[in-house]
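Below is one structure, written out as structure tokens; the observations come after it.
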Amino acid sequence: MSVIELKDIMKTYQMGDSVVHALYHVNLKIEPGEFTSIMGPSGSGKSTMMNILGCLDRPTSGEYFLDGKEIAGYDDDELAHTRNAKIGFVFQNFNLLAKLTAQENVALPLVYAGVDEEERMERAKKALEAVGLGERLEHKPMEMSGGQRQRVAIARALINNPAIIMADEPTGNLDTKSSYEIMDIFKKMNESGKTVVMVTHNMQQAVRVSDDTAFFLVGEMVEFGDTKTIFSYPKDKRTEDYITGRFG
């Protein structure tokens, strides 16, 4: 059974007299343990896609099956419960609270889950140790480098042991060395059995770490399949133009 399955997903917005299709008849399957990259130029629908996959938004129409359950019609509370139980998020801007230590930031999701303080701080410590920050427990975000802050964000995403990790441009604010280190962490998470879905503009990263890649253009998924095959032999001319820098 696919961990994620989208059937004819549409997301539309009314802009004056016009209807904008942010996502247009998207069909997609992601299997358990796969690493999938979502790519495309700005305005292509990547962020909208990530918001729907991450239960942060609902489609206008279509069906979304997560672990076999149809959730497209869930209300806000049901979506929030699903997010907390099944999905860990990593964002480009880290989204850490400046006044909290690394350990406190990582432990924060466990506060909402009702875990007692001793247990959540111990679990946060172990999560930070797992990403190489065992000696930075008491450091606050502004006392750490960008790469270290993103490691804290990854530890926070893992704290509830979700089956799915969703990352939105996780290396967008990092230097090359830190980017490689962060992608190595994502690859190890994937190798441990996590399903990873990542929005990225970085083609080298996609080829290096992802099993499959979905290309989006103006809300339409124009190509989806094995990453290395798509980059070597794209079937859609628009995908080829994007890969070779001719798109637009």
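Quick note: the coordinates plus some simple rules give every number you see, no bench work behind them. What you see is a predicted model; the values in this text were computed from it and never measured. Cβ coordinates were reconstructed from backbone atoms using ideal geometry, including for glycine residues, and neighbour counts include every protein chain displayed.
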Subject >> Among Leu96, Leu79, Leu56: highest mean-square fluctuation, GNM of the chain, C-alpha pairs under 10 Å >> reply: Leu56
Subject >> Rounded to 5, percent antiparallel among DSSP beta bridges of the chain >> reply: 55 percent
**OP:** Please give the helix 102-112 orientation as an angle from the longest Cα principal axis of the chain, in degrees from 0 to 90, rounded to the nearest 10.
**Re:** 70 degrees
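Quick check on the exposure proxy: order Asp17, Asp226 from fewest to most C-beta atoms within 10 angstrom.
Values: Asp17 5, Asp226 13.
Ranking Asp17, Asp226 by Cβ neighbours within 10 Å, fewest first, gives Asp17, Asp226.
Report, as a whole number in µm² per second, the diffusion coefficient that Stokes-Einstein gives for the chain at 37 °C and 0.692 mPa s using the Kirkwood radius over alpha carbon pairs.
Working: Rh = 18.8 Å.
Rounded to a whole number, D works out at 175 µm²/s.
Taking the Cβ of Gly147 as the centre, find all other residues whose Cβ is under 10 Å away and add up their charges (Lys, Arg: +1; Asp, Glu: -1). Spell out each step's value before the answer.
Numbers: positive: Arg149, Arg151, Lys177; negative: Asp175, Glu181.
Neighbourhood net charge equals +1.
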Original post:
How far is helix 76-86 tilted off the main Cα axis of the chain, in degrees rounded to 10, range 0 to 90?
Top reply: 70 degrees
Original post:
Under a GNM of the chain (C-alpha, springs under 10 Å), which listed residue has the highest mean-square fluctuation: Glu118, Glu169, Glu104?
Top reply: Glu118
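Let me check against my output: what whole-number percent is the relative contact order of the chain, with C-alpha pairs under 8 Å and at least 6 apart? It would help to have the intermediate numbers written out before the result.
Working: 460 pairs, mean separation 64.2, N = 248.
Contact order relative to length: 26 percent.
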Original post:
Among Gln204, Gln14, Gln148, whose mean-square fluctuation peaks in a Gaussian network model of the chain (Cα, cutoff 10 Å)?
Top reply: Gln14
Subject >> Radius 11 Å from Cβ of Lys228, net charge of other residues (Lys, Arg +1; Asp, Glu -1) >> reply: -2
Subject >> Partner aspartates and glutamates for Lys228 [C-alpha distance under 12 Å; skip if fewer than 8 residues away on the same chain] >> reply: Asp211, Asp212
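What dipole magnitude, in Debye to the nearest 20, does the chain give about its Cα centre under +1 on Lys/Arg Cβ and -1 on Asp/Glu Cβ? Please list the in-between numbers first.
Numbers: 28 positive and 37 negative charges, 123 e Å.
Approximately 580 debye in magnitude.
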Subject >> Residues listed by number, the stretch 1-16, amide nitrogen under 13 Å from Ala163 label point at 7 Å toward C-beta >> reply: 1-5
Original post:
lysines within cross-link reach of Lys235: Cα-Cα under 28 Å, excluding same-chain residues under 8 positions apart?
Top reply: Lys7, Lys11, Lys29, Lys46, Lys187
